[in-house]
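A short write-up of the structure that comes next.
The numbers here are math on the coordinates, done by the rules we state, and not lab data. Values in this document were obtained by computation on a predicted structure and should not be read as measured data. When we count neighbours, we look across all protein chains shown, and the Cβ atoms used for this are built from the backbone with ideal geometry, even at glycine.
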Amino acid sequence: MSRQDSEGEVPLFHEDENAFTEKKSKIKHPLACFFHLFFRTSAILIYLFCEFLSRSFIANMVAIILLLSCDFWTVKVVVIMGVVLQWANLYGYVRCKVGGATKLKNMASNYFGLKLFKKVVNKPEGP
């Protein structure tokens, strides 16, 4: 017996929490993982059974290259979207902390200028 909560399903009435967490999937992108495995395994199967599928070497290689290209595209899209979302979260966090009226370029140049000034001022004078 479990209930829906704002955080997801929560175990109730002395349920084993370890067994409950094992039921949940640990895959972040199940659809992308499915297509990654589908394209990769189908390319391997075509390579293994290419004698039975077609007598043409070129047709088999074109099919394998197309499947591996689709696999690469699937993985690339997931990785790029993860990086873009992380950058957007960082940008939103900085924008929220600094405020919308301040230009980020001016703030960054002022910050680096201040760091350089502190470095020059704190530099010990030697012989």
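Around the amide H of H29, modelled in the peptide plane, lies no amide H under 5 Å away from a residue 5 or more places distant or on another chain. Peptide packing for 73-81, 54-62, 114-122, 34-42 was compared via the average number of neighbouring C-beta atoms within 10 Å per residue; ordered from the highest value, the list is 34-42, 73-81, 54-62, 114-122.
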